[in-house]
1. Past 27 Å, Cα to Cα, is the threshold; run K199/K320; K384/K423; K558/K683; K270/K683; K23/K270 against it and keep the listed order.
2. Counting heavy atoms of the protein chains only and a 1.4 Å probe, report the per residue accessible area for the chain as a whole number of Å².
3. How many times 2.2 N^0.38 Å is the alpha carbon radius of gyration of the chain?
4. At T263 and L93, where each label point lies 7 Å from the Cα along Cα→Cβ, what is the point-to-point distance in nanometres?
5. Full extension from E629 to I688: what is 0.36 nm times the residue separation minus their Cα-Cα distance, to one decimal in nm?
6. When the accessible area of the chain is split by element with a 1.4 Å probe, what percent falls to carbon and sulfur?
7. Out of S327, T426, V226, whose Cα points farthest toward the positive end of the dipole of the chain (charges: +1 Lys, Arg; -1 Asp, Glu; placed on Cβ)?
8. Could you please state, rounded to a whole Å, how far the C-alpha centre of the range 439-487 is from the C-alpha centre of the range 37-61?
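The values are calculated or read from the model by the stated rules, or taken from the named source; none is laboratory data. Just so it is clear, the model here is predicted, and its values are computed rather than measured. For neighbour counting, all protein chains shown are included, and Cβ atoms are generated from backbone atoms with ideal geometry for every residue, glycine included. These accessible areas exclude ligands, DNA and RNA; they are computed on the full protein's heavy atoms, side chains included. Shrake-Rupley method; radii C 1.70, N 1.55, O 1.52, S 1.80 Å.
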Amino acid sequence: MKNFLTSTTLFLIISFSCIAQQKENRQEDIFIKNLLSRMTLDEKLGQMNQTHFNTTVDSMCMKVRKGQIGSLLNIDPKQINRIQRAAVKESRLGIPLIIGRDVIHGYKTIFPIPLGQAASFNPRVPENGARVAATESREQGIVWTFAPMLDISRDARWGRIAESLGEDPYLASIMGAAMVRGFQGNKLSDNNSMAACLKHFVGYGAAEGGRDYNSTNIPIHLMRNVYLPPFQKAIEAGAATLMTSFNDNDGIPSSGNDFLLRTVLRDEWKFDGFVVSDWESMSEMIEHGYAKDKKDVARISLKAGMDMEMTSETYLKNIKELIKEGSVSVKDVDNAVLNILRIKYRLGLFENPYVDEKVVSTIYSPEHLRKARQAAVESAVLLKNANNILPLKSTAKIAIIGPMANAAHDQLGTWSFDGDKNKTITPLKALQTEYSTVNYVYEPGLTYSRDKSLNFYKAIKAVESADVAVVFVGEESILSGEAHSLSNINLIGQQSELIKAIKSTGKPVVMVVIAGRPLTIERDLPYVDAVLYNFHPGTMGGLAIMDLLFGKENPSGKLPVTFVREVGQIPMYYNHNNTGRPAQDWIPAMDNIPQEAPQTSLGNTSFYLDSGKNPLFPFGYGLSYSKFEYSDLQLSATEIPQNGSLIAKAVIKNTSKVDGSEVVQLYIRDLVGSIARPVKELKGFQKIFLKAGESKTVEFNLNAIDLAFYGRDLIKKVEPGDFEIWISKNSDEGLKGRFVVR
Ligand code: NOJ
C-alpha cells in the first residue's frame, strides 16, 4: 500500500510538473510570437545585434532607444540600469537587453581555471564554481556568460587549453554539463542564475600547430565521436545559448556552417536557445576567403542559422537589402529573433529587467571563498613525491623561492577581468596570515616567470638557512588564454636554472607549479623531490596550496590532459588509435644506437627516436599522500546483448595511514570496429573517500549503449564484438577484464 502510494504520488508530481511545463511553454510561445508580430524589420535586426560597449553611455542609450541593439557585452555593471532603462522605458516596444560578459571561472571570487577544475574529476567543483559565478554576476545585472568552453584540447601549445576541460570527451561532457547546471540553477529567471553559452562550436581546440584561430581539419567521424559530444551533453543539460568558433574546419568557417548549426544543432539535438557568433567571427569569413564582402557574410550566416551577431554589424547593415533581393527571407530573420526572445523571456528579463541596487552583495562572501579554496585543493595534482617529502613538517624551516610565490595577478589565470588581485591569497600571503606560525624565509630569486636574470645568490643563501625549499614556478597569466599560444612550453625564463641552483644546496626541493597549461617539465624533475601542479588556482590558491603542502588536505586531482615529455610529441593523447605498428615495450635509447646501424635494426614501429612512445604523465594520473591498492575486478556478465548492461566492480583499499580521496576510473577498448577505435576510452569515474586502512567496492554500471559510436555508416550504434575493460587509477594501468557484446 505504502509503495503504491509512493509511486502514485511520484506519478502525480511528474504529471503535474509536465502539465505546468507545457503551460509555461505555451505562455512563452504566445508572448514571443505576439511580440514578434509587432516588431518592424529594423527592430528585429536590432535584436540580432550584439554590441561591445565602446562609447559613451549617452550615445549607447541613443542606439538602444531606436531598438538597434539586442545585447551588450563588456559594459560596466554600474551603467546597466541606465542603459536597460533606455531599452525598457524609452524604446518603442520596451524589449530588454541581454547583458553578457566573460565570466569564465568566477566573476569576482575566482576559481581555478577550467582546466584545473577538470583536474578535480569532481563535477561538484565546476557546478559550485559556476553557481558562485552566477550568483555574483546576476546581482550586478550580468545575466549571460560566455562559458563553458567545451573545446576538446590535445595541444598544450594552444593558449586556450587553460579554458578547456581537457582532452577527453567524456570528462568534458560531465564537467561541462555540471557547469551549465551551476550557471543556470533551477530556473534561468532566478536572481542567482545566468544563461550559459557553449563555445566554441566547434573544433576550435584542434587548431593546427596549436596556434590560436588556426584552421582545423577534423574528419566527420572524429567530429561526431570526440568534438561534438560535450556540446550535445551540455544541451541536454539545458544550455540556453551557444557560440560559434573562429576556425574553419575543412574549409568551412563555423559561423557559416549550416550543417553544424541547422542539421546537428536544431534538427538532431532540438536546441531551442539562440546561437551567437564569436567576436567578428562572421565578418572574418571575408579573411577566411569564404565570403566576398559584408553583405555576403550576412547572407551566409543567416542562411546557416546564426541568430545573433557579436560586434561586426553585418546583419544590421545588410539584411534589408538581402531580403529585397530575395536571397534571405523575413522568415529567416523571424526564426532568429524568436530564438533570442525565447531566452530573454526565460531569463525573466521582461518582468525583472533591472539590477536591484539595494541587494546585499554576495561578492567575496565567506561561503564563496570557502568553495573557491576547496576547488583549488581538489584541482591540484601531485605528480611526484619522492621519499614522502610531502606533506611538510610544520616545524621545518621553509625557504619560499620562485616568481609564482607571490604573483597575485597571475595566480588568477586567464579570463579574470573582474577578479581583484588585492583579494588574492598568494602562497606568501597564506604564510603571512593563516599559516603565520610557519617558520619561513622568502627570496623569490626571479621577479616574474619570464625574468632572465641569473643572480640567485640571495635565494641560495635563504635555502641554505632552511630545512627545505619550496620553489614556486610556472607561467604568468598572460602566457596562456586567447591568442597566447606558445611553440616552446618548457619553464620559461630562467626558472629551470633557478631550480638547479636551489638543488645544488643539497636541501630537499619541492616544486610547486602554477601555470595555464601542462608544461614540459621532464628536464626539471631530476632536480626536485616533489611536484605539486596547479593550473592557475584563483583567489584562494595560496591557502589551498599551503593546505596541501602541510597535509591539512590530501591531494586528489588527476590530470585532465596528457603531459608530454617534449613539445614535439604533440599531439599525444591517451585515447588515440593504435596504428598498424604500435611501438613495442622495448625502445632503443638514441645514444645506444651504434653508428651505421642497419636501417631496420630498431624495429619499424611508431615512436620517436629521441622521446619514445610514452608521455611524461598519462591522462588521469595523480598521486596522493595515501596509497591505494586496486584488486578483485569482477564483471557481472562477460556477454551482454546490445541493449544490455553489466556491472564492473573492484575493491579499492587505502593501505596507508592517511585518509584520502581517490578518483577511480573506468576505461574500455572496443577491439574491432567498422572504423578503428581508440586504444582506451574513459567511460566512468568516481571520486571516493577512504579512511586510512579502509576498503570499498566501487561499482560502475556500464550500459551497452554507452559503447555506441558513429561508425563507418555514420549512424550512432553499438557494434557487437569483443571489448577490454579496466578499472584503474589512471589511463596507463589498471585491472583488466574482457566482455563481449552480442
Ligand atoms: C572572443 C572569445 O573567443 C570568446 O570566447 C569570448 O567569449 C568573446 N571574445 C567575447 O569576449
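1. Working: K199/K320 29 Å; K384/K423 30 Å; K558/K683 16 Å; K270/K683 25 Å; K23/K270 19 Å.
Flagged as over cut-off: K199/K320; K384/K423.
2. Values: 30130 Å² over 742 residues.
Per residue, the chain has an accessible area of 41 Å².
3. Against the compact-globule rule of thumb, the ratio is 0.99.
4. 3.3 nm
5. Working: separation 59, 0.36 × 59 = 21.24 nm, distance 1.32 nm.
Computed gain between E629 and I688 is 19.9 nm.
6. Values: 15080 of 30130 Å².
Exposed carbon and sulfur together represent 50 percent of the surface.
7. T426
8. The two parts, judged by their Cα centres, are 48 Å apart.
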